Amino acid sequence: MNPNSTNTDKIIPVLLEQYRCAIDLYKHEDLVNWNKISNLLYVNTGLCAAFGWLMSIKNNAFRYVAPLLALSGVIVCFVFFISLLNGKTYIDLRKRNVSTIESHIGKIVELELLFSDETSIRKRVKMRTMNVIIWLSLFLMICWLLYFCYTLGLFQNHR
């Protein structure tokens, strides 16, 4: 009887359970990030609608409320920028965890799994979409900052 086979028989169920948990954490982190993106777009749409309504009435309310709305947009976008940046870091960590567990499983059962090759991780699972969304939140923050300057009258011609 091979002593390594009994050791392997004990390790495989543990690795498979760790793999299941790592995949669940990865899926959860991905879902949380998409929820953040969705909420960023909802909040910005609401702020844009309120800002557009205020611009249409052009009375004293615009002078006092519009800067607060624009400043709220800057703050919201900054918070989402930081949150999405951290979310990307967490999801990258989850991918590394899955990759590590898969490489251990692959060595035991001699299979090539999805993330088992470190170079294939870089090729197959780049978070380009996440990077675009992170930059989108930064772009929206700059737009709100420009709106804030507009509401303060910084773009008016003073001749």
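The values are calculated or read from the model by the stated rules, or taken from the named source; none is laboratory data. Only a predicted model underlies this, so the values are computations on that prediction, with no experimental measurement involved. Backbone-built Cβ (ideal geometry, glycine too); neighbour counts: all protein chains shown.
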- Does any residue in the stretch 67-86 that is within 27 Å of D30 (Cβ to Cβ) come within less than 8 Å, Cβ to Cβ, of a residue that is assigned to a helix (DSSP H, G or I) and charged (D, E, K, R) six or more places away or on a different chain, and which pairs are these? F80/K36; S83/K36; L84/K36
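Do we have I101 as modelled with pLDDT under 85, closer than 20 Å to A22 by Cα and either part of a helix (DSSP H, G or I) or touching a strand residue (DSSP E or B) at 6+ places or on another chain (Cβ under 9 Å) (or both) here? Can you show your working first?
Working: modelled with pLDDT under 85: no; closer than 20 Å to A22 by Cα: yes; either part of a helix (DSSP H, G or I) or touching a strand residue (DSSP E or B) at 6+ places or on another chain (Cβ under 9 Å) (or both): yes.
No.
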- Within the stretch 30-79, which residues are of a type outside the set (F, W, Y), surrounded by 11 or more Cβ atoms within 10 Å (Cβ to Cβ) and either within 30 Å of V98 (Cβ to Cβ) or under 13 Å from the mean Cα position of the chain (by Cα) (or both)? D30, V32, N33, N35, K36, I37, N39, L40, L41, C77, V79
